1. Would you be able to say whether some residue in segment 551-573 is hydrophobic (A, V, I, L, M, F, W, C), modelled with pLDDT of 85 or more, more than 34 Å from the chain's Cα centre (by Cα) and closer than 28 Å to S454 by Cα?
2. Residues in segment 581-631 that are under 27 Å from S559 (Cα atoms) and open to solvent by less than 60 Å² (accessible area, probe 1.4 Å): how many?
3. Inspect all residues belonging to segment 478-485 and state whether any of them is over 37 Å from the mean Cα position of the chain (by Cα), surrounded by 14 or more Cβ atoms within 10 Å (Cβ to Cβ), of a type in the set (V, I, T) and under 25 Å from R513 (Cβ atoms).
4. Please state which one of A461, A408 is modelled with pLDDT of 95 or more and either closer than 30 Å to G45 by Cα or part of a helix (DSSP H, G or I) (or both).
5. Please go through segment 11-53 and pick out each residue that is under 22 Å from T280 (Cβ atoms) and either of a type in the set (A, V, I, L, M, F, W, C) or free of Cβ contacts under 8 Å to residues at least 60 places away in the same chain (or both).
6. Suppose the filter is in a strand (DSSP E or B) and surrounded by 17 or more Cβ atoms within 10 Å (Cβ to Cβ); does T448 pass it?
7. Select, from R491, R481, the only residue that is closer than 20 Å to L564 by Cβ and in contact (Cβ under 8 Å) with a residue 12 or more places away in the chain.
Amino acid sequence: MSTGQSHHTPQSRGQLAGLSLAALGVVYGDIGTSPIYAMREALHGVHGVAATHDNVLGLLSLIFWALILVISVKYLVFVMRADNCGEGGMIALTALVAPTNEKARRRHRMLVLLGLFGASLLYGDGMITPAISVLSAVEGLQVVTPVFAPYVIPITIAILVALFVVQSRGTARIGSVFGPVMMLWFLALAALGVAHLVQHPAVLAALSPVHGARFFVHNGWHGFLVLGSVFLVVTGGEALYADMGHFGVLPIRLTWFIFVLPALLLNYFGQGALVLRDMTAAEHPFFRLAPQWALVPLVVLTTMATVIASQAVISGAFSLTRQAVQLGYLPRVDIEHTSQTLIGQIYIPGLNWLLMIACIGLVIGFGSSSRLASAYGVAVTTDMVFTTILFSVVARSRWKWSLPAVVALAAAFLAVDLSFWGASLLKIPSGGWFPLVVAAVVFTMMTTWSTGRSILAERIAERTTTVVELLARIEAKPPLRVPGTAIYLGRDPTIAPHALLQNLKHNKVVHERVVLLALLASAMARLPDEERVRVERMSANVFRVVVSYGFAEDAQVPSVLEQLRHQGLIIDLAESTFFLGRETLLATNRPGMALWREHLFAVMARNARRATKFFRLPSDRVVELGTEIEL
């Protein structure tokens, strides 16, 4: 684990420019489309304030300092130092605070649960972002002419359906256009803002934090409520951290400070200048920036930008799910790789259709982006609070920063985070409950699966024995040997696989050569090749193979067998048989989990993707031996 250096190290200016352009297309889609609705919600939303001179300058001041403190300082300067072998995001950060020894693990259990709930919140965000982004873009048609008003919802749904349908093809083919389109988008943001800023440069006075302070003094409690709308300008901050592994720290930082931040600020200040000249523009300040002839092209460009922003969130949900599966927090799911060269390009069919249904339901249920904004922000603000807490633990425990420095930094970040969080919590009755409900469901599934796996391992251990004891029994009373190689997959390399015991008990035979294969997920995102495979000869013809892999990597058995050749263990698939244990789980009143959670765990286990497909085993060489286990 490093403290700021990603595994991406651009070797040339051209390579750096390429990564920066790609980061522009993927990382900044969410935060880059916030100008469409953030200022509008602050002035015209449920808790909007009147578009007076002092209020506009106050809002612009809060927007400016939010972008500086939350994105520029917190995430780009500090949080992105906490990379897990180059990978970022809530799961990666949670893995960094999860210690290896049992005593420390119990002490840090609450932190791990905090991280898991934070990761669960991102699923709710992944449902709301495509809905609010695309809907807010299509609503621009109403600014062109009110004739389009009845068609906004159907057009939005059609775009969302098309977006999710093409997911199976992957973003590898169309990813090359993301960067150029988003570059055009940010150039348009800057140009639209400058056109109005030069007409009213006095709004630049809002750079002073004094105007932000006055805003709260003049508006009191109402001003605090508006913070929930101001926060919309920094939604997408988590994406900077989560996508760090794809592009590296340097391209993301350079793109932000050189291109994205200036474009966003110019646009927000341009909107402020427009509203000061024409208070009626507060209803749609973003689209009113454009002259009448440019409205239709702007709506088209805005729709493209919001689709790209949605794509980034959907891809993030896919990556988060894979990480959770690898670390044992979710059951195996159907994961398809859509690129031969980019391991991060994946597609999860079940999750894809679930997200699509949720997005369409949100669009129909809320009916407008303004109402959806009431549900937006609760998940992200909560996630940002958790990120600050976990980052502080990493800084103290792993990097050994001094306690006063960690406390001071955490206090500064939490002062901002908790202010936004408190304002966002007030949105719960008007829609903010939705991401919390989604997070609660996902969190329950994650903790149930993780706890259930531990209980299942205990139950299996009660029925089996250690590898050493089993080999001693076989040596004392040798069974019949049959030709070929038997490969037994197990969870614990020290415990004899249950399938082996079943085979001995019922068939009373052992193959000429036995390989006990244990696949272990590491808390690190990636592992060097020299640490991946460990081979141990247990007896003349019995080998124990322990394969470790990072949570950002795939455990594919055929590739593992190829690596074994370099260690002198040659396995011919045509002469080998893979033995897997298949447990039928029965919920009981034995100590462990609540009965309803045991039932949930059993259902999740039954619907998990079969190990044969997940580990890429040759289906015609697999034998499954089943048994019933009471939880």
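The values are calculated or read from the model by the stated rules, or taken from the named source; none is laboratory data. Fair warning: this is a prediction, and the values are worked out from it, not measured in the lab. Because the Cβ atoms are built from the backbone with ideal geometry, glycine has one as well, and the counts that use them run over all protein chains shown. SASA here: full protein model, heavy atoms, side chains in, ligands and nucleic acids out. Shrake-Rupley method; radii C 1.70, N 1.55, O 1.52, S 1.80 Å.
1. Within segment 551-573, none of the residues are hydrophobic (A, V, I, L, M, F, W, C), modelled with pLDDT of 85 or more, more than 34 Å from the chain's Cα centre (by Cα) and closer than 28 Å to S454 by Cα.
2. 15
3. Checked segment 478-485: at least one residue is over 37 Å from the mean Cα position of the chain (by Cα), surrounded by 14 or more Cβ atoms within 10 Å (Cβ to Cβ), of a type in the set (V, I, T) and under 25 Å from R513 (Cβ atoms).
4. Working: A461 fails: modelled with pLDDT of 95 or more.
The match here is A408.
5. I36, A38, M39, A42, L43, V46, V49, A50, A51, T52, listed by residue number.
6. Details: in a strand (DSSP E or B): no; surrounded by 17 or more Cβ atoms within 10 Å (Cβ to Cβ): yes.
No.
7. Working: R481 fails: closer than 20 Å to L564 by Cβ.
Of R491, R481, the one residue that is closer than 20 Å to L564 by Cβ and in contact (Cβ under 8 Å) with a residue 12 or more places away in the chain is R491.
Here is a yes/no grid of residues against (1) of a type in the set (V, I, T); (2) open to solvent by 50 Å² or more (accessible area, probe 1.4 Å); (3) at positive phi:
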position: T387; (1), (2), (3): yes, no, no
position: R398; (1), (2), (3): no, yes, no
position: S402; (1), (2), (3): no, yes, no
position: V406; (1), (2), (3): yes, no, no
position: L414; (1), (2), (3): no, no, no
position: G431; (1), (2), (3): no, no, yes
